[in-house]
Amino acid sequence: MRSTISLWAAAAGTLLLVAIAAGTVVTMAGGLSAKQQYLQNVQNQDAARAANAPQHSKTVPSASPALSAQKATRAQGILDVHQGPVPASQFGVTNQWTGPVPGSGDVWYRVFAGANFPGTSSAGTPAIYVDLSTPTPDGYGFDIKFVGIYTIPAADTWLTVTAVNGSLVDLMTQSGRVYHFDLTTKSYR
């Protein structure tokens, strides 16, 4: 039994190599670019694997799988994340704070600290990106509402959230300068 399996594995491997070689010869003769050749080789490998795969009967489940019973959750506090809700080419992130809006129930702030890059290739303007997250009616996701980007050109480097007290966000630059942003008034103090 074991030698039969080894024989089948060797035959499958040989067929795979022949398919790759044939695909390479065809692409070389066709004058394809290196990228097109690579894609052709990947397709040939996939086809060879599919041809050599054991055939199983396919069964269709009688009912679709149930959704995960776990509802969406949020982590509160200062988080060491470096990707925000927009591409890093638009807003670079050093960290994030997430927490509830005082007195609002399930509405939470998401404050991303870093620098804003509005179509420039410069070092960016120190800023925070603020939005609100509210659970969707089914509880499996969040609706995100953009609040604003608040720059502070006087800061010398990107900002980092260091603490949050109520609606006051403490921010620090890499050189140690401290700034405070009030989420209620949407302004720096």
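List of remarks:
- Among the residues examined, GLY99 qualifies as surrounded by 14 or more Cβ atoms within 10 Å (Cβ to Cβ), closer than 23 Å to TYR188 by Cβ, modelled with pLDDT of 55 or more and small (Gly, Ala, Ser).
- Qualifying residue in the range 166-174 (condition: of a type outside the set (Gly, Ala, Ser), free of Cβ contacts under 8 Å to residues at least 60 places away in the same chain and exposed (fewer than 11 other Cβ atoms within 10 Å of the Cβ)): no
- Listed conditions (1) over 21 Å from HIS180 (Cα atoms); (2) at pLDDT 95 or above; (3) aliphatic (A, V, I, L, M) are all met by ALA66, apart from (2).
- Of all residues in the range 137-164 being among the hydroxyl-bearing types (Ser, Thr, Tyr) and at pLDDT below 95, the one that is surrounded by the fewest Cβ atoms within 10 Å (Cβ to Cβ): TYR140
- Cβ-Cβ contacts under 6 Å between residues 6 or more apart (or on different chains), taken from a first residue in the range 61-79 that is over 30 Å from LEU171 (Cβ atoms) to a second residue that is modelled with pLDDT of 60 or more and surrounded by 11 or more Cβ atoms within 10 Å (Cβ to Cβ), are listed as LYS71/GLY139.
- Given (1) touching a Phe, Trp or Tyr at 6+ places or on another chain (Cβ under 7 Å); (2) at pLDDT 90 or above; (3) farther than 21 Å from SER167 by Cβ; (4) surrounded by 13 or more Cβ atoms within 10 Å (Cβ to Cβ), index of the condition THR125 fails: (1)
- Hits in the range 152-169 (condition: in a strand (DSSP E or B) and in contact with a Pro (Cβ under 7 Å, 6 or more places away or on another chain)): LEU159
The values are calculated or read from the model by the stated rules, or taken from the named source; none is laboratory data. Predicted model only: the values in this text are computed from it and were never measured. Cβ coordinates were reconstructed from backbone atoms using ideal geometry, including for glycine residues, and neighbour counts include every protein chain displayed.
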